[in-house]
Each structure stands twice: as C-alpha cells, then as structure tokens.
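*Asks:* Sending over a structure as structure tokens; questions will come in a sec.
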Amino acid sequence: MRYLLGLILLLTSFLGISQSDEDPKKFVLDANQFYGSILLHNPDISHLITNHPAGVILGISRKTYGQKEWEADFGYPDTGYTFVYQNTNNPTLGDHFGLYGHYNFYFLKRNVQLRVAQGLAYNTNPYDKDENFRNNAYGSHILSSTLLMLNYHKENLFAGLGVNAGLSFIHYSNANFKAPNTSTNTFAFNIGLTYNLDHETTYKYLKPESTGEISEPVRYNLVFRAGANESDVINMGRYGFAIVSAYADKRLGKRSAIQLGTDIFFSNFLKELIRYQSISFPELDVDPDADYKRVGVFIGHELFVNKMSVVAQLGYYVYYPFDFEGKIYNRIGMKRYFGKRIFGAVTLKSHGAKAEAVEFGIGIRL
C-alpha cells in the first residue's frame, strides 16, 4: 500500500493540476455509468473475453478561466481527478479500482469534452501460478492505466445539474514490470450527470496578453532514466535497467518543439533472456555471449502545457546484437519542469503496442 500511495503522490504532483489561491475555485462533479467490451487486441487473451465489463466513472474537475496564458491557448481546459471502478464480469480477470489525474479539453463551443487521464489501477485477481494461472493479462496487482472519454457535455441545465454521454476507452497494463502482461483495452458507452458546485456564480473567460512566440536557439538535453522490468517468460525475474539519452531540441513556437537524439540502453533482463534462449531453444541459434546493450537514434516532438509537457518519440536501433521485438521502438510520456532547466519524466517505452518498460527519468535542458 505504501508503494501505491507513493506513486499516486508522484503522479498528482507530476501533473501539476493544482492552481494558486488567486484563481477562481469553481468545481464540477461528474458521475457516469459505463457498459462495453474488452477488445481482442491479442489472441492470447481470447479465453478471458467472456462477458461485457461495466462500472462507474467519478470525477471532480476545476474550471480554468484564463488566469494563465496556457489556459487560454488550450481553450480553457479543466484539471482534476477521476476514479474508475470496473467489474470485468470475469472472475479470472478480477475487478479494477483506478485513480487518475486528468485534463478536460473542449470543442464545438464547449459542447464536446475530451478527457485525457493517466493513473494507477488496482486489480483484485492477477496471475498466480497456483491459484489463477489462466490470467495471462495482468502479472501484478498494481497497473498503469490510461482513460480517454469523448462526451457530449452540457453543464448546469437545471439547478447545477447537467448531462454527458459518450464513449470511453480504458487501458490496463503493468508495462512488463512483472510477467505476464498481455494487458486489456476496454471500449465502452457511458452516460451520466454533472453537478456544478457554486453554480450560481459565473466567471468571465479571460484572454491574457500574449507573450508572443518564443524564439530559442537549439537546446541540448541530457536524461538519465531507470526502472525495473521483466521479460515475457513468467518467473524469470525482474531486473533493473538504465538508459542514458542525449538529444537536441528546437522550439517551433510557444507550445511545441522537435527533437533529435540518441539512447543507450542497459537492459539487464536481456542478459537472462539471452542465457535462457541459448540453453532452452538451441534452434534459435542464440549466442550466449551476445551483448545485452542497445543503441538507438530517435526523432520526437514535445508539446508544452503549463509546467509539464507531453513527449512522443520514434526510434531505431543502430546497435542491436540481440533480436528483441524488432528494431523500431517508440516512447510516449510526460515531463514536469522544475525551473527552466531541470525536469522529471515518466515515459512508456514500447515496440509498437508491445510495452517494454515504464521509465522514470531526470534530466537537464541546457
């Protein structure tokens, strides 16, 4: 439990969704019921898709009105927290309890709302070699989870009450922190109510004076990332990894930058996987002395939102002595800036849709 609470505190401070006391404090509560299906993204989980999952999504959001320039630039989004309970209607899969930090973005005169949420979920019945060997979707109780909701959204129709209805997508995975990790994706229809606290008070949307476009020279970044993960071979063991990255970035404006750089991967789980395959599968012709290290080059994009940013990178291994999931890799995640130079990062590294690891990093932008 201490591990869970620590990660939740890290998540919420990383998202930076709190605001200063000078900002308007207007909150909206929402409650949605959902019903849907687990998508068959991998045939290995076909035996687990037996019934339709259902559950509830609860949220609390704080409105923004343009006290900060980024709020106006992004159409006055909400910040807040979401809780999700999902009953998979399958005793092998168990149930989920998730806590997320979220942003709500608005479109079409604020009639359409997109909620983007990232957090942690607790699964009640993960894989166990003796008691639950059929659950090859989750190898651990604690899972990383992503929630997307696209709703028709209408607030304060009567005495603070409003409605919303739309589609939800919920992803659960532990990013190979512990095998197995086939993961699941739930696609659902949701419908619910909203309630505006202090609904009789109204605020004007401000348009703060723009600071103009940002013009910067090329900046250079150094990042150290680390964590722990496991191969897909169950009970092989979890091993630490380290990644050293160096890249240059060039701002394209106030909100975005492009990146070009290189990664050096020290993935210790590959040491054991190389040894295992060389002994157990001689037909694979794996060299037991193959190097476990990899070197990649990547291009990327960074979207700046307040003190945080969203990063997406696509890479290619130029040094690849052991074949593991192919030469192309991708990374997506978030960065939180502490001042102008120092930042922390939480990113997911994967090969296509196949996750390899959650990376926790610290870096400097020179």
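*Asks:* Just one of (1) out of contact with any Pro (no Cβ under 7 Å at 6 or more places or on another chain); (2) within 30 Å of Gly36 (Cα to Cα) trips up Asn221, so point out which.
*Replies:* Result: Asn221 fails condition (2) only.
*Asks:* Something else about it: Answer yes or no as to whether Phe241 is touching a residue at least 40 places away in the same chain (Cβ under 8 Å) and in a strand (DSSP E or B).
*Replies:* yes
*Asks:* (1) out of contact with any Gly (no Cβ under 7 Å at 6 or more places or on another chain); (2) crowded, with 18+ Cβ neighbours inside 10 Å; (3) within 25 Å of Val163 (Cα to Cα): which one isn't true of Gly59, the others all being true?
*Replies:* Unmet for Gly59, out of (1) out of contact with any Gly (no Cβ under 7 Å at 6 or more places or on another chain); (2) crowded, with 18+ Cβ neighbours inside 10 Å; (3) within 25 Å of Val163 (Cα to Cα): (1).
*Asks:* Does Phe298 fit the bill of being in contact with a Leu (Cβ under 8 Å, 6 or more places away or on another chain), in a loop (DSSP other than H, G, I, E, B) and either touching a residue at least 40 places away in the same chain (Cβ under 8 Å) or hydroxyl-bearing (Ser, Thr, Tyr) (or both)?
*Replies:* Judged against the criteria, Phe298 is not a match.
*Asks:* May I pose another question? For the stretch 100-114, enumerate the residues that are in a strand (DSSP E or B) and either in the same structural domain as Val305 (by TED's automatic domain parsing) or under 18 Å from Asn190 (Cβ atoms) (or both).
*Replies:* Restricting attention to the stretch 100-114, the residues satisfying the condition of being in a strand (DSSP E or B) are 100-107, 112-114.
Correct list: Tyr100, His102, Tyr103, Asn104, Phe105, Tyr106, Phe107, Val112, Gln113, Leu114.
*Asks:* Look at Gly139 and say whether it is part of a strand (DSSP E or B), at pLDDT below 95, assigned by TED's automatic domain parsing to the domain that holds Phe177 and under 20 Å from the mean Cα position of the chain (by Cα).
*Replies:* No, not satisfied.
*Asks:* Mind counting the residues in the stretch 121-134 that are surrounded by 19 or more Cβ atoms within 10 Å (Cβ to Cβ) and either touching a strand residue (DSSP E or B) at 6+ places or on another chain (Cβ under 8 Å) or on the phi > 0 side of the Ramachandran plot (or both)?
*Replies:* Taking the stretch 121-134 as the starting set, the residues that turn out to be surrounded by 19 or more Cβ atoms within 10 Å (Cβ to Cβ) are 121, 123, 126-127.
If we keep only those that are either touching a strand residue (DSSP E or B) at 6+ places or on another chain (Cβ under 8 Å) or on the phi > 0 side of the Ramachandran plot (or both) as well, we get 121, 123, 126.
The qualifying residues number 3.
*Asks:* Go through the stretch 65-86 and give me each residue that's surrounded by fewer than 16 Cβ atoms within 10 Å (Cβ to Cβ) and modelled with pLDDT of 95 or more.
*Replies:* Result: Phe83, Tyr85.
*Asks:* Further, regarding this structure: Hey, among the residues in the stretch 252-291 that are modelled with pLDDT under 95 and in contact with a Leu (Cβ under 7 Å, 6 or more places away or on another chain), which one's nearest to Tyr317 (Cα to Cα)?
*Replies:* My answer is Gln277.
*Asks:* Got a number for residues in the stretch 340-357 being surrounded by 20 or more Cβ atoms within 10 Å (Cβ to Cβ) and within 20 Å of Ser309 (Cβ to Cβ)?
*Replies:* 5
*Asks:* Being hydrophobic (A, V, I, L, M, F, W, C) and either crowded, with 16+ Cβ neighbours inside 10 Å or outside the structural domain of Asp232 (by TED's automatic domain parsing) (or both) is the filter here, so list the residues in the stretch 274-289 that pass it. Let's see the steps before the verdict.
*Replies:* Quick first cut of the stretch 274-289, residues hydrophobic (A, V, I, L, M, F, W, C) only: 274, 279, 281, 284, 286.
If the condition is that a residue be hydrophobic (A, V, I, L, M, F, W, C) and either crowded, with 16+ Cβ neighbours inside 10 Å or outside the structural domain of Asp232 (by TED's automatic domain parsing) (or both), then Ile274, Val286 are the ones that fit.
*Asks:* Could you check how many residues of the stretch 221-243 are touching a Ser or Thr at 6+ places or on another chain (Cβ under 9 Å), farther than 23 Å from Tyr138 by Cβ and surrounded by fewer than 20 Cβ atoms within 10 Å (Cβ to Cβ)?
*Replies:* Number of matching residues: 4.
*Asks:* For the stretch 290-324: of the residues being surrounded by 14 or more Cβ atoms within 10 Å (Cβ to Cβ) and of a type in the set (D, E, K, R), which is farthest from Ile274 (Cα to Cα)?
*Replies:* Lys307
*Asks:* Another question about this same structure. Could you please give the count of residues in the stretch 62-106 that are touching a helix residue (DSSP H, G or I) at 6+ places or on another chain (Cβ under 9 Å) and hydroxyl-bearing (Ser, Thr, Tyr)?
*Replies:* The qualifying residues number 8.
*Asks:* Continuing with the same structure: Please go through the stretch 308-320 and pick out each residue that is at pLDDT 95 or above and not hydrophobic (A, V, I, L, M, F, W, C).
*Replies:* First pass over the stretch 308-320, keeping only residues at pLDDT 95 or above: 311-320.
Gln313, Gly315, Tyr316, Tyr317, Tyr319, Tyr320 - these are the residues of the stretch 308-320 that are at pLDDT 95 or above and not hydrophobic (A, V, I, L, M, F, W, C).
*Asks:* A further question follows. Within the stretch 153-160, is even one residue charged (D, E, K, R), touching a residue at least 60 places away in the same chain (Cβ under 8 Å) and either buried (at least 17 other Cβ atoms within 10 Å of the Cβ) or assigned to a loop (DSSP other than H, G, I, E, B) (or both)?
*Replies:* yes
Residue-wise test of (1) touching a Phe, Trp or Tyr at 6+ places or on another chain (Cβ under 6 Å); (2) touching a residue at least 24 places away in the same chain (Cβ under 8 Å); (3) assigned by TED's automatic domain parsing to the domain that holds His52.
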position	(1), (2), (3)
Thr186	no, yes, yes
Asn190	yes, yes, yes
Thr202	no, no, no
Pro208	no, yes, no
Ile214	no, yes, no
Val223	no, yes, no
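The values are calculated or read from the model by the stated rules, or taken from the named source; none is laboratory data. Given the structure is predicted, the values throughout are model-derived calculations rather than measurements. Here the Cβ is made from the backbone with ideal geometry for all residues, glycine too, and neighbour counts use every protein chain on show.
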